[in-house]
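The structure appears below as structure tokens.
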There are 2 protein chains.
Amino acid sequence: MTYGLGLFLDDGLVITTDTRTNAGVDHVATVRKLNLFQRPGQSIMMLASAGNLATTQAVATLLEQRSSHAGHPHNLFEAPTMFDAANMVGGVLREVMMANADYVKGYGDPSASMLFGGQIAGAGHCLFLIYSAGNFIQATADTCFLQVGELKYGKPILDRAFRYGTTSMADAVKLSLLSFDATVRSNLSVAPPFDMICYRADSLEAVQIRRFEKQDAYYSDVRRSYSRSLRETVANLPVVDWPGVI
Amino acid sequence: MTYGLGLFLDDGLVITTDTRTNAGVDHVATVRKLNLFQRPGQSIMMLASAGNLATTQAVATLLEQRSSHAGHPHNLFEAPTMFDAANMVGGVLREVMMANADYVKGYGDPSASMLFGGQIAGAGHCLFLIYSAGNFIQATADTCFLQVGELKYGKPILDRAFRYGTTSMADAVKLSLLSFDATVRSNLSVAPPFDMICYRADSLEAVQIRRFEKQDAYYSDVRRSYSRSLRETVANLPVVDWPGVI
């Protein structure tokens, strides 16, 4: 299992994935699940994957190969819009699923889902969630975060605290780490290190992946401070009026 | 879907369920999912159910009927220990599943799981999670909360803030409501009103179900105060050191 999270801010994107891959308890490894397609000044695109690793790696590799071939219908750098680029990703995902799903089904789930975000010069930044079927939805001011994989544990803190137009990128980084920390505490199949990308809208500058190891000082600080504050917050909430019980 | 939560405190129990039952979007109703079996001074037992409503209601009704028949092997009031009583609940659940599962499977999931807690005079209070297979686990100081149904959204706040031996019953009520609120925000199939029981260990006094409606003043106050504090907490966390990005 994976957890992948994309936050859509008015001034950028924060995309995070864990790096745990497993095919049973005796085969646990660390794998990068983020892929970058960038030509600074022209287009910056990021792909985060969850699901069957053979499927997601095949999609990423095919996109890389085809994006270096001028004129290829799946060349991401020739996509006129991010919508068209997302359509290419969905198309390659369909192709890989068509080629492999029937062979794989007997052994496990061949499906995958992806977060795809970025910006092409001349238009705004966007974020998509691409389903295993190859169709996709787009983040908006109302639906301002998208998740793939093991998403339930990390959702409540985002529902409560992440707001498009209000949350800064610095706070989006904190919320992303806290959302991952909530997941890690509850599900063994999601684990640090986490890989994170922050993209500042309209910069069209190349992004870099920042890796947060389990012992990362900032990550440790954030989760410890947060747990302490949360316990204080609960202690300071009003006490229920329940005569004879409390 | 349901969400049921049992908190095991050193000085008592707090058990909560939602009341939403649905068999598709066009058939949504409110149903009490808590059943009480109590003889003050002698034994106080509480049963909270999740899963197929026909299954859980049959189990509760059979236990009620049999617990009024002296000498019946499923008379909860004649169980020497809470472990034996949990075994009776598991046994009746097996019986109902054996009788119905094959007929029901074609239409939907016949399974159910239950939280069963309480105290019998002369021994300590306990809390069990009874699986659809009729077997069960018991809450301990380490595993001090048990959940049934749609449990993921409401788990992180408990992982962070609920501690056996530290959390008071007043704070356990707050945490239960916040755990439910996190679930309600994310899953349409769990909804208020919530039914809650607080049992004070060694009192052996009859407990009463307190219903928290959606507009309940205390519930509204807790969730609003909590969301505000949480946003302040996040704002006050340290900012990541990420030159050129933040």
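No lab work stands behind these numbers, since they all come straight from the coordinates. Being a predicted model, the structure only gives us computed values, none of them experimental. Reconstructed Cβ throughout: ideal geometry from the backbone, glycine too, with neighbour counts over all protein chains shown.
Computed over region B:3-235, the alpha-carbon pair-distance distribution with 10 angstrom bins reads 8, 33, 36, 18, 4, 0, 0, each value a whole percent.
Pairs A:33/A:174; A:33/A:105; A:105/B:152; A:155/B:33: which exceed 24 Å Cα-Cα? Over 24 Å Cα-Cα: A:105/B:152; A:155/B:33. With its label point defined 7 Å out from Cα along the Cα-to-Cβ axis, residue B:99 lies at 5.6 nm from the matching points of the other copies, in increasing order. Distances, shortest first, from the label point of residue A:239 to those at the same position in the other copies read 4.0 nm; the point lies 7 Å along Cα to C-beta. Each eigenvalue of the Cα gyration tensor of region A:56-144, multiplied by 5 and square-rooted, gives one semi-axis; in descending order these are 24, 18, 8 Å.
Taking chain B as a Gaussian network of alpha-carbon nodes connected by springs under 10 Å, the highest mean-square fluctuation of the residues B:154, B:108, B:134 belongs to B:108. Each Lys or Arg adds one and each Asp or Glu takes one away; over the other residues whose Cβ falls under 12 Å from the Cβ of residue A:13, this sums to -2. With R₀ set to 56 Å, the beta-carbon distance separating residue A:11 from residue B:83 gives a calculated FRET efficiency near 0.45. The Cβ shell under 10 Å around residue B:156 holds other residues with a net charge of +4, Lys and Arg each +1, Asp and Glu each -1.
Among A:32-40, B:34-42, the peptide with the highest mean count of other Cβ atoms within 10 Å heads the list, and the full ranking is A:32-40, B:34-42.
Distance from the Cα centroid of region B:1-16 to that of region A:197-237 is 31 Å (rounded to whole angstrom).
Each part gets one Cα centre, and for region B:61-77 versus region B:112-148 those centres are 19 Å apart.
Once the Cα atoms are used to define both axes, helix A:169-186 deviates from the longest principal axis of chain A by about 80 degrees. Neighbouring Cβ atoms from other chains, within 10 Å of the Cβ of residues in A:166-178, number 4 on average. Distance between the pseudo-spin-label points of residue B:205 and residue B:135 (7 Å out from Cα toward the beta carbon): 3.9 nm. Less than 13 Å Cβ to Cβ from residue A:120, Lys/Arg counted +1 and Asp/Glu -1: what total charge do the surrounding residues give? Computed value for this residue: -2. Compared with the dominant principal axis of the Cα atoms in chain B, helix B:82-104 is inclined by about 90°.
The mean number of partner chain beta-carbon atoms within 10 angstrom of a residue's beta-carbon across peptide B:148-159 is 5.
Using the alpha-carbon positions of the protein assembly as shown, Rg (one decimal) and Dmax (whole number) come out as 25.3, 85 Å. Across the copies of the chain, residue B:164 has label points (7 Å from Cα along Cα→Cβ) spaced 4.5 nm apart, shortest distance listed first. Once the chain from residue A:242 to residue A:39 is taken as fully extended at 0.36 nm per residue, the excess over their C-alpha distance is 66.8 nm.
Relative contact order, percent, of region A:3-236 when contacts are C-alpha pairs under 8 Å separated by at least 6 residues?
Answer for region A:3-236 is 27 percent.
Maximal additional length on extending the residue A:29-residue A:217 stretch stands at 65.4 nm, based on 0.36 nm per residue less the C-alpha distance.
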